[in-house]
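Where a number appears in this text, it was derived from the coordinates with a stated rule and is not lab data. As the structure is a prediction and not an experimental result, all values here were calculated from the model. Note that we place each Cβ from the backbone using ideal geometry, even for glycine, and neighbour counts take in every protein chain shown.
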Amino acid sequence: MNKKLSLLAACAAAMLFSGSLMAEDVYEWKSGRVSTYSDVPKNLTPATSNIVNVRTQTSRPAAAPVSQQQNQLPQIQNNNGEISAADLQAMANQRQMEENKATEEANRKVQEQNEAARASNCNVARINLQHAQTARIQNREQLIQQYQSNVNQYCN
C-alpha cells in the first residue's frame, strides 16, 4: 500500500513539474475565425503572431511595435526590400560607436578600481612602515627596509 501511494505521489509530482520545465513560448495567430497555436511563429515572422502564456491564458505581441522597430532597422527604399549601402554603413558605424562607448566606460571603471586599490595599498604600506619604525623588535631594520620598498612601490 505504501509503495503504491508513494509511486502515485511521485507520478503526480512528475506530471506537475514536467509541464513547467518544458514550458516554452506558444505562438497564436488567427486565420479567419480559427485560432492556430504552434511553437514557432506563423511563417517564421513574429510580427504576425502573438505569444500566449498557457497558465494565465493571456497573450502579448511576439514582435516589438513598429515604432520601436523603425529605430532599429534602416528605411527600405522604393518598397522593393532593398537597403542602401549607405544605410548599412551608417548602421555599422553606429553599432561600432555604441560598442566603443561601452568599452570606454568599462575601461574607465576598471581604471577607477585600480586607482582605489593603489591608494589603499599605499595607505597600508605607510601604516606598516610607521609601525615598524616605532616597534621594539630585533629585526626592525629589516622590516623598515621592506616596508619602505613597499611604500616606494605603491605610493610613487
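Look at ASP39, ASP25 and count the other Cβ atoms within 10 Å of each Cβ; fewest to most, that gives ASP39, ASP25.
Residue separation of TYR37 and GLN113 scaled by 0.36 nm, minus their Cα-Cα distance, works out to 22.2 nm of gained length.
With a ≥ b ≥ c the root eigenvalues of the C-alpha gyration tensor of region 85-156, is it rounded (a/c under 1.5), prolate (a/b larger than b/c) or oblate? Prolate, because a/c is 1.5 or more and a/b exceeds b/c.
For THR58, THR48, the sequence from fewest to most other C-beta atoms within 10 Å is THR58, THR48. The order of MET91, MET15, going from fewest to most other C-beta atoms within 10 Å of their C-beta, is MET15, MET91.
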